[in-house]
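Participant: Encoded as structure tokens, here's the structure I'll be asking about.
The values are calculated or read from the model by the stated rules, or taken from the named source; none is laboratory data. Remember, it's a predicted structure, so these values are computed and weren't measured experimentally. Every residue, glycine as well, gets a Cβ built from its backbone with ideal geometry; the counts of neighbours run over all protein chains shown. Surface accessibility is based on the protein's heavy atoms, side chains included, excluding ligands, DNA and RNA. Shrake-Rupley method; radii C 1.70, N 1.55, O 1.52, S 1.80 Å.
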Amino acid sequence: KAGLDGTADADATAKPSGEAEATALVRTAGTAEGVFQLGHALSNDTERQMDREFTVRVHYEFEAKNEPAEKLPDAAVGLRLYARELRGRLLRDLALVDATTESGTAQRQADETLSFTLTLGPGDAVHVFLDGHAKVDISTGRTASACLKVGRLEFDVVTRPAPPVQ
């Protein structure tokens, strides 16, 4: 959404190969946001409660900057891992990236490994996914951009029977 005399562009892509990108750019005034989700859905098709041990590995890089360089929250990037059951109940919420230009230009590249266990009852299912965004919001007179790239996303899942519920 471009502001008066401004331009705003945003884009986002996610590929089955485990790569995704979100970008946003605003010149002079406006708001732009690119958002992606990338992950898997798993179900327990057995008649028994099962533990799913997840190991998630991901490489990411991001940059958020504004011009002139001022400590204002003009650009932001975020990357979180969520696990939700089919009814929408949140099972996990893990933050990987939460950065803005409020403290100046922000940039980083990193490799992260996350490990957690989810217990699924018979017939239960879960969506485990990365949610990424790049957002720019400028009232007037500046330029800002945000970019978030994800690559080499890998999920390792080990399934085993869960202990009986007492």
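Participant: For every other residue with a beta carbon closer than 11 angstrom to the beta carbon of L118, add +1 if it is Lys or Arg and -1 if Asp or Glu, then tell me the sum.
Facilitator: Spelling it out: positives minus negatives among the neighbours equals -1.
Participant: Suppose a student asked you for the relative contact order of region 22-108, using Cα pairs under 8 Å spaced at least 6 residues apart; what percent would you report?
Facilitator: After rounding, I find 26 percent.
Participant: May I pose another question? Note down the net charge around C147, summing +1 for each Lys or Arg and -1 for each Asp or Glu among other residues with Cβ under 13 Å from its Cβ.
Facilitator: Result for the neighbourhood of C147: -2.
Participant: Sticking with this one: Where Lys and Arg each count +1 and Asp and Glu each count -1, what net charge lies around Q107 among other residues with Cβ under 11 Å from its Cβ?
Facilitator: Summing Lys and Arg as +1 and Asp and Glu as -1 gives 0.
Participant: Quick one: what Rg and Dmax do you get for the chain from the alpha carbons, in Å?
Facilitator: Considering the chain through its Cα atoms, Rg and Dmax are 19.0, 65 Å.
Participant: Sticking with this one: Counting only heavy atoms of the protein chains, get the accessible area per residue of region 66-119 (1.4 Å probe) and round it to a whole Å² value.
Facilitator: Using a 1.4 Å probe on heavy atoms only, each residue of region 66-119 averages 59 Å².
Participant: Where nothing but the Cβ of Lys and Arg (+1) and of Asp and Glu (-1) is charged, how large is the charge dipole of region 103-144 around its Cα centre, in debye to the nearest 20?
Facilitator: Around 280 debye, computed over region 103-144.
Participant: Do any GluC sites (Glu not before Pro) in region 1-103 lie in a DSSP loop with no more than 10 other beta carbon atoms within 10 Å, and if so, which?
Facilitator: E47
Participant: Follow-up question, since we're still on this one. Just tell me the longest site-free run in the chain, where the sites are trypsin sites (Lys or Arg not before Pro) in a DSSP loop having at most 13 other beta-carbon atoms within 10 Å.
Facilitator: By the stated rule (loop sites, at most 13 other Cβ atoms within 10 Å), 90-166.
Participant: Give me the distance in nm between label points sitting 7 Å out from Cα along the Cα-to-Cβ direction at R160 and S139, one decimal.
Facilitator: Reported label-point gap for R160 and S139 is 5.6 nm.
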